Amino acid sequence: MEKRALNYEGKAKTLYTTDDPDLLIQYFKDDATAFNAKKRGTIEQKGIVNNRMSEIFFTLLEREGVRTHFVKRLSDREMLVRRLEIVPVETVVRNLVAGSLAKRLGREEGGDLPRPIVEYYYKSDSLDDPMILEDHAIAFGFATEAELATIRAMALKINDVLRRFLDARGILLVDAKFEFGRYKGEILLGDEICPDTCRFWDKATREKLDKDRFRRDLGNVEGAYREMMERVSH
Ligand code: TMP
Ligand code: ASP
């Protein structure tokens, strides 16, 4: 697959066009940002971990009947993906209280939820990705009602598949962020699934094994990414 022009440069990944107009190359960087890029840094080897881990999760999900943008991994830091028209909504699924939910509602991190919560955020750097309702997404034309129903059902299924896979490996899936896009009339899962976009806690110790180690200056960031890679590889 021939890499052509820069298509889009994001904070953690870069997309390149290829000789096939339906396919892009997704390149994973070591750059890490938090709080809408107010905090910046590097996590050594993160790009390699996130590329391989995303491959493992996308392959698992495809096997379980979830359609994704993943085609194949090309190298340590590159994967071939279908070119999506991205829906400008980030879908967050939560299984335990953490992060912005703990803060907003004044709850202790780690509290159980009786069932998963699905939240939507409008993808806008200038607005700091505000939380929105389905009604906003429909009113402002980010997605149709039918697309949102599909996105919600897919997000819950993805959460269920990942949660079971991780539980068997001693990891709690606390929450996760998913992005979806349109491809030839279908909604596909896009982006990446990795310690940047999910909260992973060790089931026994509740040790954080994700990007919160970077966001909150907890130390051993690289070690946590390596540990997660190790856990999902078996
Ligand atoms: P939050 O608790 O900060 O809202 O984060 C919920 C989940 O979404 C968590 O697993 C981290 C992920 N996330 C992203 O992938 N990108 C972001 O910009 C933010 C804020 C969260
Ligand atoms: N990706 C985010 C940013 O810097 C933040 C995060 O993951 O916490 O915009």
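We did not get these values from a lab; they are worked out from the coordinates using the rules stated. Treat the numbers as computed from the prediction; the structure is a model and nothing was measured. Cβ sites come from the backbone with ideal geometry, for glycine too, and all protein chains shown count toward neighbours.
Listed values, structure above:
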| quantity | calculated |
| --- | --- |
| Residue match in the stretch 168-184 (condition: surrounded by fewer than 17 Cβ atoms within 10 Å (Cβ to Cβ), under 19 Å from S54 (Cα atoms), of a type outside the set (A, V, I, L, M) and in contact with a helix residue (DSSP H, G or I) (Cβ under 9 Å, 6 or more places away or on another chain)) | yes |
| Extreme residue, nearest to L218 (Cα to Cα), among residues of the stretch 22-39 that are exposed (fewer than 14 other Cβ atoms within 10 Å of the Cβ) and within 8 Å of ligand 2 (Cβ to nearest atom) | K39 |
| Filter pass, E147 being of a type in the set (D, E), touching a residue at least 24 places away in the same chain (Cβ under 8 Å), away from ligand 2 (no atom under 14 Å from the Cβ) and more than 20 Å from D210 (Cα to Cα) | yes |
| Test: residue in the stretch 177-187 that is assigned to a helix (DSSP H, G or I) and aromatic (F, W, Y) | no |
| Condition met for L189 (aliphatic (A, V, I, L, M), farther than 30 Å from Q45 by Cα and surrounded by 21 or more Cβ atoms within 10 Å (Cβ to Cβ)) | no |
| The listed residue being over 24 Å from R213 (Cα atoms) and of a type in the set (K, R), out of K184, K103 | K184 |
| Flag if T17 is part of a strand (DSSP E or B) and away from ligand 2 (no atom under 11 Å from the Cβ) | yes |
| Test for K157: is it within 25 Å of H69 (Cβ to Cβ), of a type in the set (D, E, K, R), touching a Pro at 6+ places or on another chain (Cβ under 8 Å) and in contact (Cβ under 8 Å) with a residue 60 or more places away in the chain | no |
| Filter pass, R4 being within 26 Å of L113 (Cβ to Cβ), among the basic types (K, R) and assigned to a strand (DSSP E or B) | no |
| All positions within the stretch 132-175 that are hydrophobic (A, V, I, L, M, F, W, C) and out of contact with any Phe, Trp or Tyr (no Cβ under 9 Å at 6 or more places or on another chain) | I138, A139, A146, A149, A153, L156, A168 |
| Hits in the stretch 168-193 - residues which are within 26 Å of V71 (Cβ to Cβ), more than 13 Å from ligand 1 (Cβ to nearest atom) and among the hydrophobic types (A, V, I, L, M, F, W, C) | F180, I187, L188, L189 |
| From the options V89, V93, V66, V71, residue that is assigned to a loop (DSSP other than H, G, I, E, B) and either touching a Lys or Arg at 6+ places or on another chain (Cβ under 7 Å) or within 16 Å of ligand 2 (Cβ to nearest atom) (or both) | V66 |
| Check on I138, away from ligand 1 (no atom under 16 Å from the Cβ), assigned to a strand (DSSP E or B) and of a type in the set (A, V, I, L, M, F, W, C) | no |
| Residues of the stretch 73-119 satisfying the condition of being away from ligand 1 (no atom under 12 Å from the Cβ), over 19 Å from C198 (Cα atoms) and loosely packed, with under 13 Cβ neighbours inside 10 Å | S75, D76, E85, G106, P114 |
| Total residues in the stretch 55-72, condition touching a strand residue (DSSP E or B) at 6+ places or on another chain (Cβ under 7 Å), in contact (Cβ under 8 Å) with a residue 24 or more places away in the chain and surrounded by 21 or more Cβ atoms within 10 Å (Cβ to Cβ) | 4 |
